[in-house]
1. Express the relative contact order of the chain as a whole percentage, based on alpha carbon pairs under 8 Å and six or more residues apart in sequence.
2. When the Debye formula is applied to the Cα atoms of the stretch 13-145, each taken as the same point scatterer, what base-10 log of I(q)/I(0) results at q = 0.15 Å⁻¹?
3. Output wanted: per-residue J couplings in Hz (rounded whole) for the stretch 177-191, from phi through Karplus 6.51 cos²θ - 1.76 cosθ + 1.60, θ = phi - 60°, x for Gly and Pro.
4. Kirkwood hydrodynamic radius (Cα pairs, Å) of the stretch 275-346?
5. Net charge near Leu119: determine it from the other residues with C-beta under 12 Å of the C-beta of Leu119, scoring Lys and Arg +1 and Asp and Glu -1.
6. How much mean residue ellipticity at 222 nm does the chain get from its helices, if each DSSP H run of length 4 or more adds -39500 (n - 2.57) and you divide by all residues, to the nearest 500 deg cm²/dmol?
7. First obtain the Kirkwood hydrodynamic radius of the stretch 224-337 from its Cα pairs, then insert it into the Stokes-Einstein equation at 4 °C and 1.567 mPa s, and state the resulting D in µm² per second as a whole number.
8. How much net charge surrounds Asp224 when only the other residues with a Cβ under 12 Å from the Cβ of Asp224 are counted, with Lys and Arg +1 and Asp and Glu -1?
Amino acid sequence: MADIATNEYAQHLDAQDPIRRFRDEFRLPTNRGIKADLVPADLADSPCHYFVGNSLGPLPKRSQKILNEELEVWATTGVEGHFAHAHGRNWKDIMYKAGRALAMLTGAKESEVITMSSLTANLHLMISTFYKPSGSRYKILCEAKAFPSDQYAFASQTHAHGYDPKDAVIELAPREGEVYLREEDILAAIQKDGSSIALVLFSGIQYYTGQWFPMEKITKAAHDVGAICGWDLAHAIGNVPMKLHDWDADFAVWCTYKYLNSGPGGIAGLFIHDKWTGKLQTSYAGWYGHNNETRFQMDPVFDPIPGAHGFQQSNPSALNIATLLGSLELFEEAGGIDALREKAVKITGYLEALLKHSSFYRDNLDHDPKASPHFTILTPADPQQRGVWRDAAPRCDRG
């Protein structure tokens, strides 16, 4: 049997990878650039092994090219770039250029997704639209230790309606001694408090453990008790396949600077199921949510675009969308999210095998302060319960 922890074995796997060429589509930081001080001096200026795409994706070369094109259009045509563009990306409609790829990544219709604003702003916009507490139905159910911005949003939104967040926000934690939530515990919690839950809002993938929640089942369970179900897809979009439309999710929000590689602070996006078209209207209207045909007539009366597009507010940054478009081109050329998911299962499985091959690996952490340094894997072992990354917990104390 071949030794999996060799360059030869890894190169053998690479040779069988149908999308291996896409690595060359990215500019990866150097070891020196990320302050990897322990690598040999002759490797200081070599590309690093970049394992933090869950925080900030690397730069696609095409994003840099498209961004430079936008800067040149700005320099040479100024305001006319909104209406006439050398590369067919007039700025007044540039947000729609991302629609096809985002629909593919989320399992939605193009009319259900829009590129706009920032994740937390979109989260507040969606909660304020869908969270309508009344009587005994006023609670929000979420996972414990959600990303802090989500926790702040839940607390501030419930407080704005006059509720105490300590009572109105139910944070569901794993069982004692366990790392991630069991599916049966999530569904049981929805059933148990169903009559008081107004909104169920989980992360598609938990940002700390990497757990991929059973999104379809949670959405159905929420609807079965009469609650709205929304999703924070910051760590899911571009990571795992989704079918938001078929799963009947009410809304979702995401950022694009992680797996979608749009750059630091990149533009965000949202999804609203088209079943809500004609039944909802934003309470925070802006001119980019106004009818496309008459927007620049500056009519004082808001005429919303139907569906998710009507929730746009401000003129989006063409420069931010430019960097996103460069990355989305690669997703489509690689065969879409299903092709990337197939590779993700293989490469994370290989990484798991390598980690377990280490003499420092343990099935569980030993909390004895005299224990020798070791680590364990936090992320679920089942590929259907995890995305594209693996989290490891180290134990470094020594007596």
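1. About 19 percent, as a whole number.
2. -1.09
3. Couplings: x, 10, 9, 10, 6, 7, 4, 5, 6, 5, 5, 5, 5, 5, 5 Hz.
4. Hydrodynamic radius (Kirkwood, Cα pairs) of the stretch 275-346 is 14.9 Å.
5. -1
6. Dividing the helical sum by the residues of the chain leaves -9500 deg cm²/dmol.
7. Using the Kirkwood radius from Cα pairs, D works out to 82 µm²/s.
8. +1
Throughout, read-outs are computed from the coordinates displayed, never taken from laboratory work. A quick note: this is a predicted structure, and the numbers were derived from the prediction, not measured. FYI the Cβ positions are ideal-geometry reconstructions off the backbone, even for glycines, and counts take in every protein chain you see.
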